[in-house]
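See structure below.
The values are calculated or read from the model by the stated rules, or taken from the named source; none is laboratory data. Just so it is clear, the structure is predicted and the values come from calculations on it, not from any experiment. Ideal geometry is used to build each Cβ from the backbone, glycine not excepted, and the neighbour counts take in all protein chains shown.
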Amino acid sequence: MALEQTLQAARQGDLDVLRSLHAARLLGPSLRDPLDALPVHHAARAGKLHCLRFLVEEAGLPAAASARNGATPAHDAAATGHLSCLMWLLSQGGCRVQDRDNSGATVLHLAARFGHPEVVNWLLRHGGGDPTVATDTGALPLHYAAAKGDFPSLRLLVGHHPE
């Protein structure tokens with residue numbers, strides 16, 4: 001009951017519910033969904049920065065926790081295009097731009113794979129994203145952008161990796 005209520009509140013941005021659950025001491029790092037993602041993953045995926053910050057700063061959940069697939073909340077924010085959450089996770093939450101999931105993908109790979117040129121742009125210009133890093137199968141971020149047909153991201157990536 002507390003798990004689903006927490007995950008729903010994190011996804012919907014319901015800070016009051018999260019505060020109530022925290023006051024009842026029902027929030028903790030053992031609160032994970034079936035894929036081992038924490039409420040911080042769900043808040044990052046939904047772009048709910050205020051909930052993400054509360055879960056980390058007030059409830060003490062780890063911002064850089066990995067789900068079963070190795071993804072951190074930063075991976076989820078990049079994959080869903082939530083730049084403000086990604087920026088906070090990288091600057092304040094302890095996530096690192098070079099963190100890899102179980103397939104070897106970084107946040108830059110995921111931003112390119114799911115067609116988020118604004119995230120790709122920020123990672124290349126300000127976030128320290130490396131367009132030359134390959135996944136375990138040899139895929140570069142520009143491969144994902146090309147496969148997606150995301151020409152704005154592809155242009156950005158080629159500009160940073162012209163070979």
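Things worth noting here:
- Any hit, segment 143-152, residues being within 16 Å of the chain's Cα centre (by Cα), of a type outside the set (D, E, K, R) and not in a helix (DSSP H, G or I): no
- Checking Leu156 against (1) touching a Cys at 6+ places or on another chain (Cβ under 8 Å); (2) not in a loop (DSSP other than H, G, I, E, B), the condition it does not meet: (1)
- Flag if Ala37 is of a type in the set (Gly, Ala, Ser), more than 10 Å from the chain's Cα centre (by Cα) and assigned to a loop (DSSP other than H, G, I, E, B): yes
- Any hit, segment 136-148, residues being of a type in the set (Phe, Trp, Tyr), buried (at least 23 other Cβ atoms within 10 Å of the Cβ) and farther than 20 Å from His42 by Cα: yes
- Some residue of segment 70-77 being surrounded by 19 or more Cβ atoms within 10 Å (Cβ to Cβ), more than 30 Å from Arg155 (Cα to Cα) and in contact with a helix residue (DSSP H, G or I) (Cβ under 9 Å, 6 or more places away or on another chain): no
- Selected residue (only one of Ala67, Ala105 is at pLDDT 95 or above and buried (at least 21 other Cβ atoms within 10 Å of the Cβ)): Ala105
- Val133 being β-branched (Val, Ile, Thr) and more than 13 Å from the chain's Cα centre (by Cα): yes
- Applying the condition of being assigned to a loop (DSSP other than H, G, I, E, B) and among the β-branched types (Val, Ile, Thr) to segment 72-106 and asking which residue is nearest to Pro141 (Cα to Cα) yields Thr106.
- Some residue of segment 40-47 being among the aliphatic types (A, V, I, L, M) and out of contact with any His (no Cβ under 9 Å at 6 or more places or on another chain): yes
- Of all the numbered requirements in (1) surrounded by fewer than 21 Cβ atoms within 10 Å (Cβ to Cβ); (2) among the charged types (D, E, K, R); (3) in a helix (DSSP H, G or I), Arg32 misses one, and that requirement is (3).
- Counted residues, segment 107-121 - those being outside any helix (DSSP H, G or I) and under 16 Å from Val97 (Cβ atoms): 1
- Test: Leu26 is over 30 Å from His126 (Cβ atoms) and either crowded, with 23+ Cβ neighbours inside 10 Å or not β-branched (Val, Ile, Thr) (or both): yes
- Unmet criterion (only one of (1) outside any loop (DSSP other than H, G, I, E, B); (2) within 24 Å of Pro141 (Cα to Cα); (3) in contact with a Cys (Cβ under 9 Å, 6 or more places away or on another chain); (4) not acidic (Asp, Glu)) for Leu52: (2)
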